Ligand code: AP5
């Protein structure tokens, strides 16, 4: 195997040391092993359409920068695997997700507010999949002001729609350890078996074509306007997300390190 590919696969299959319990569970839970103190704690938002590779880049950036990946989608998927009171906001969030619709802003903002301490993580943070609406962006501004924190950048990944559909349709996830694979670009060593824990890989519930169509439409109508919102604030870092994960990581790191701080 080509050494670059080998390095890529090694990083992609290296589980995060941090269990992100504080983020996934909320309610004052502490992480078993928080990220190490870093020289510079990056505070980032990762923006971009479904399937563009935000989660993949968050994982790679975590290994490069130390910042903790904070995905709202992960909170909802994690909650779905736990017993929750019927009718609770988190239980209802799963219904929205499965349809490919956005979870209501009030639910999302409440969940984020409950996890405000994660924004003080000593490794820094990367918000993945939040904010997704104008109301969420305004809510994040207010929360950051309350916490006396500032974003360093909003990294916005883009890719043509056919490529997004190809990435989503080939995605397989591990229901146990949450590792993400792709049948063509990042296949597991044994087909349909997780490299990390040996579980049987699955399609994500919202990767059905009907739900993907709704997710892509929702991104264009509701989330894409945030590009201008953050450009106007001078925070936008646009990255073209074609090429390998390592190439996109390198482009992201170059762009971040050339910011005028
Ligand atoms: P969320 O979990 O945030 O999903 P998403 O934004 O739709 O993004 P995806 O996870 O589909 O894609 P990704 O960009 O992370 O790509 P990945 O790295 O996996 O949200 C899911 C749902 O939760 C929403 O639809 C909504 O219902 C709800 N929700 C979440 N947050 C919300 C909010 N704030 N407000 C309201 N509702 C909210 O990569 C995709 C595939 O491509 C993988 O197989 C990967 O291996 C492969 N791949 C990655 N990079 C490359 C590459 N460079 N080359 C080739 N293949 C690649």
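The values are calculated or read from the model by the stated rules, or taken from the named source; none is laboratory data. None of the values given here were measured: they were computed from a predicted structure. Don't worry about glycine lacking a Cβ; one is built from the backbone with ideal geometry, like all the others, and counts go over all protein chains shown.
Please determine whether any residue of the range 222-241 is within 20 Å of residue 94 (Cβ to Cβ), in contact with a helix residue (DSSP H, G or I) (Cβ under 8 Å, 6 or more places away or on another chain) and in a loop (DSSP other than H, G, I, E, B). There is no residue in the range 222-241 that is within 20 Å of residue 94 (Cβ to Cβ), in contact with a helix residue (DSSP H, G or I) (Cβ under 8 Å, 6 or more places away or on another chain) and in a loop (DSSP other than H, G, I, E, B).
Checked against the criteria, residue 195 does not count as in a loop (DSSP other than H, G, I, E, B), free of Cβ contacts under 8 Å to residues at least 24 places away in the same chain and either within 13 Å of the ligand (Cβ to nearest atom) or out of contact with any helix residue (DSSP H, G or I) (no Cβ under 7 Å at 6 or more places or on another chain) (or both). Being touching a strand residue (DSSP E or B) at 6+ places or on another chain (Cβ under 8 Å), within 12 Å of the ligand (Cβ to nearest atom) and on the phi > 0 side of the Ramachandran plot: is that true of residue 73 here? Against the criterion (touching a strand residue (DSSP E or B) at 6+ places or on another chain (Cβ under 8 Å), within 12 Å of the ligand (Cβ to nearest atom) and on the phi > 0 side of the Ramachandran plot), residue 73 does not qualify. Here the condition is being surrounded by fewer than 18 Cβ atoms within 10 Å (Cβ to Cβ) and closer than 29 Å to residue 107 by Cα; of 210, 240, it holds for 210 alone.
Residue-wise test of (1) modelled with pLDDT under 95; (2) part of a helix (DSSP H, G or I).
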| site | (1), (2) |
| --- | --- |
| 56 | no, yes |
| 86 | yes, no |
| 102 | no, no |
| 141 | no, yes |
| 149 | no, no |
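Which condition number in (1) in contact with a strand residue (DSSP E or B) (Cβ under 7 Å, 6 or more places away or on another chain); (2) crowded, with 16+ Cβ neighbours inside 10 Å is the one that residue 195 fails? Failed condition: (1).
Is one or more of the residues making up the range 7-29 at pLDDT below 85, buried (at least 20 other Cβ atoms within 10 Å of the Cβ) and in a loop (DSSP other than H, G, I, E, B)? Yes, the conditions are met somewhere in the range 7-29. Given the structure, is residue 114 out of contact with any helix residue (DSSP H, G or I) (no Cβ under 8 Å at 6 or more places or on another chain) and more than 11 Å from the ligand (Cβ to nearest atom)? Spelling it out, residue 114 is indeed out of contact with any helix residue (DSSP H, G or I) (no Cβ under 8 Å at 6 or more places or on another chain) and more than 11 Å from the ligand (Cβ to nearest atom).
For residue 190, the conditions (1) in contact (Cβ under 8 Å) with a residue 40 or more places away in the chain; (2) surrounded by fewer than 20 Cβ atoms within 10 Å (Cβ to Cβ); (3) more than 9 Å from the ligand (Cβ to nearest atom) are fulfilled apart from (1).
Taken across the range 105-114, residues that are closer than 21 Å to residue 216 by Cα and not in a helix (DSSP H, G or I) do not occur at all.
Looking only at the range 173-182, which residues are over 21 Å from residue 216 (Cα atoms) and either buried (at least 16 other Cβ atoms within 10 Å of the Cβ) or within 9 Å of the ligand (Cβ to nearest atom) (or both)? Result: 174, 178, 179.
Only residues that are more than 8 Å from the ligand (Cβ to nearest atom) and in a strand (DSSP E or B): list them for the range 151-172, please. Passing the criteria: 153, 154, 155, 156, 158. Taking residues in the range 149-174 that are free of Cβ contacts under 8 Å to residues at least 40 places away in the same chain, and partners anywhere that are assigned to a loop (DSSP other than H, G, I, E, B) and away from the ligand (no atom under 12 Å from the Cβ), the pairs with Cβ atoms closer than 8 Å and at least 6 places apart or on different chains are 172/192; 174/194; 174/196; 174/197; 174/199.
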